[in-house]
Amino acid sequence: MNDPAAEIRRYCLEKGADLVGFAPASRWDERGEVPPPYRPASIWPGTRTVIVMGMAMILPIVETTPSVLHLEHYRIVNRRLDELAYDLTRFLNGRGHASTFFVRDGYTSLRAVRRRPAAFGHVRAAYYAGLGTVGMNSCLLTPRFGPRVRFVSVFTSLEIPPDPVMEKEQCIRCETCVRCCPKEAIVPRKDRVVGDFRRDACMDMAEELTRRRVYPCGICTKVCPVGADRKLYPQRGIVKRYLAERETLARDPEAGEYRSWEHIRRHGAPDGERDGA
Ligand code: SF4
Ligand code: SF4
């Protein structure tokens, strides 16, 4: 490959990635933020570069969460990301550059994640690959999609010129995610942008939604005002609407401004309370 970065980027974009970035495996060691067993070169010692690909979540669907529509969208993106990683790995292997990949999720149950996180973190990888910065909600906030994007990573023995880590902080510390989280799982901190994350509280929510078959929650990604996708779907006063949603619906489940989201939520899942059909 004469220009591996350009060639790989083109390949990924043509295959359906929305974002692509390159992080040298050495960045994990230089930064020292990730425990050694979770670093790419520990997981596969041949790793020189981690190629991170992102695919967007579509805002009007994310806004219906928790819903079957959101669940299906989440599944589609996860599957597409895993396929992308598999395809890119074979593409690189076929050109003599030994590579492997780490699937999108890498766990079998919420009980397993409650005990310990996945063996590799794509959010940190995407940050090291220059795709965005980590926001108060612990998600990667990207200029194009805010946190409404999911990632997968390919580990390759190929040395690729790295992308710089993004300097400009994307999180505006508005605390909308904090105020909208139904479990108070995000706790702001004065000394840094990334909040403390109450993992068990978030997992409680995930388990409730899994029982209702409308997992995942994703409210903290829905309400984040960051991301150019908001310009594509402009909505006046949307943050106010997010902030008032829970209280308004508790008072009036038929409130007009939430009717379309509630319509979606009431269909397709075996939840007696929301089954309006
Ligand atoms: S996914 Fe839901 S419960 Fe978890 S932190 Fe985000 S808003 Fe809170
Ligand atoms: S909602 Fe506001 S505070 Fe939360 S991650 Fe987005 S910009 Fe940061």
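Read the figures in this text as sums done on the coordinates, not as results from a lab. Nothing here was measured: the structure is a model prediction, and the numbers come from that model. A quick note on method: Cβ atoms are made from the backbone with ideal geometry, for glycine too, and the neighbour counts reach across all protein chains shown.
What to note about this one:
- Answer residue from segment 129-150, given it is within 11 Å of ligand 2 (Cβ to nearest atom), assigned to a loop (DSSP other than H, G, I, E, B) and hydrophobic (A, V, I, L, M, F, W, C) and is nearest to the chain's Cα centre (by Cα) among those: C139
- In segment 122-173, the residues that are among the polar types (S, T, N, Q), buried (at least 24 other Cβ atoms within 10 Å of the Cβ) and within 17 Å of A23 (Cα to Cα): T142, S153, T156
- Within segment 176-198, residues that are free of Cβ contacts under 8 Å to residues at least 24 places away in the same chain sit with their Cβ atoms under 8 Å from residues that are surrounded by 20 or more Cβ atoms within 10 Å (Cβ to Cβ) and small (G, A, S), at 6+ positions apart or across chains, in these pairs: V187/G195; R189/G195; R198/A185.
- Residues of segment 175-185 satisfying the condition of being more than 12 Å from ligand 2 (Cβ to nearest atom) and exposed (fewer than 15 other Cβ atoms within 10 Å of the Cβ): E184
- Considering only residues in segment 186-200 that are within 10 Å of ligand 1 (Cβ to nearest atom) and buried (at least 16 other Cβ atoms within 10 Å of the Cβ), the one that is nearest to S138 (Cα to Cα) turns out to be G195.
- Qualifying residue in segment 190-197 (condition: touching a Gly at 6+ places or on another chain (Cβ under 7 Å) and among the charged types (D, E, K, R)): no
- Only residues that are in contact (Cβ under 8 Å) with a residue 60 or more places away in the chain and closer than 16 Å to V52 by Cα were counted in segment 82-101, giving 8.
- Just one of the listed residues (E83, E33, E72) is in a helix (DSSP H, G or I) and within 28 Å of P161 (Cβ to Cβ), and it is E83.
- Residue that is farthest from ligand 2 (Cβ to nearest atom) [pool: residues in segment 199-228 that are among the small types (G, A, S) and in contact (Cβ under 8 Å) with a residue 60 or more places away in the chain]: A206
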